[in-house]
Amino acid sequence: MTRGDEARRLVRRHYSGALATQSLKFSGYPFASALPFCTDQQGRIVVLISHLAEHTQNADRDPRVGFLVSALTRDPQEQARVSMIGDIAPVDDAGIASRYLRFFPEARQYLQIGGFRFFRIEPRSLRYIAGFGNIHTITAESYVAPRYPIADTEGDVIEHMNTDHAHNLSDYCRHVHGKAPASAELIGIDCDGLDVRAESEVLRIEFASAVKDAGEARIELVRLARASRA
């Protein structure tokens, strides 16, 4: 696993971050705020922003942005984190929209109101801090995952797991996170792992190695099921 893979997996474990755009009101100064995000199949950041938001006005003028992903703790400098720079642009993709709404179903009301757009950040360079003194500069090529066939079968895998193997999802949560939710729902799967809504929270469960297609996903899910029962 490369440092780029490690950084991407770290980003996928989080569901909120800080976006910094180039301020339109105060030229030369960054404007930063926290907001929810999910990743697309290749690990790029996807956000949903109103046309009235200052970020949108800034991004429409200058697409150069920064995005910080870090755990919110008393001492964040002790936590692994990723800071990326890249270019933000609107993205009109039904698959990305569906994926985002599985993570944040409450966002449907914003789309019904109108004036909201999905944006995606195309990374240019990343700073990956794995721990004290463990600092790496990551290229975009190393960070962004290839578009594997699993991206095109995500919906089918989700439907199958939620319909026929919901009990396995609960077992995964117990095995990996030590939690036993009364209900569990698969909301996302990508080459690096899967995301399970366990009652009121979303839990990330990583694969041992990259999963490229539905066949490899099945092998990994069976392995997880066996490990959960051991």
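Where a number appears in this text, it was derived from the coordinates with a stated rule and is not lab data. If you're wondering where the values come from, they're calculated on a predicted model, not measured in any experiment. Cβ: placed from backbone, ideal geometry, glycine included. Neighbour counts: every protein chain shown.
Evaluate E = 1/(1 + (r/R0)^6) for Glu199 and Tyr15, where r is the Cβ-Cβ distance and R0 equals 22 Å; express this FRET efficiency to the nearest 0.05. The calculated FRET efficiency here is 0.90. Taking the Cα centre of the chain as origin and assigning +1 to Lys and Arg Cβ atoms and -1 to Asp and Glu Cβ atoms, the resulting dipole is close to 540 debye.
Ordering 92-100, 115-123, 189-197 by mean Cβ neighbour count within 10 Å, with the highest value first, yields 189-197, 115-123, 92-100. Across region 183-195, rounded Karplus estimates of 3J(HN,Hα) from the backbone phi angles (6.51 cos²θ - 1.76 cosθ + 1.60, θ = phi - 60°) give 9, 9, 9, 6, 10, x, 9, 9, 5, 9, x, 9, 10 Hz, Gly and Pro being marked x. Label sites at Asp92 and Ile219, each approximated as a point 7 angstrom past Cα along Cα to Cβ, lie 4.0 nm apart. Projecting the Cα atoms of Ala32, His175, Val91 onto the charge dipole of the chain (Cβ charges, centred on the Cα centre) puts Ala32 farthest toward the positive pole. The candidate values are (i) 20.8, 69; (ii) 17.9, 59; (iii) 17.2, 57; the one derived from this structure for Rg and Dmax of the Cα atoms in Å carries the label (ii). With the charge dipole of the chain set up from +1 on Lys and Arg Cβ and -1 on Asp and Glu Cβ about the Cα centre, the Cα lying farthest toward the positive end among the listed residues Ile205, Leu126, Phe104 is that of Leu126. What shape does region 80-208 take by its C-alpha gyration tensor, where a ≥ b ≥ c are the square roots of the eigenvalues and a/c under 1.5 counts as rounded, a/b above b/c as prolate, and the rest as oblate? In terms of gyration-tensor shape, oblate. Between Glu54 and Gln79, the FRET efficiency estimated from the beta carbon spacing at R0 = 30 angstrom works out to 0.60.
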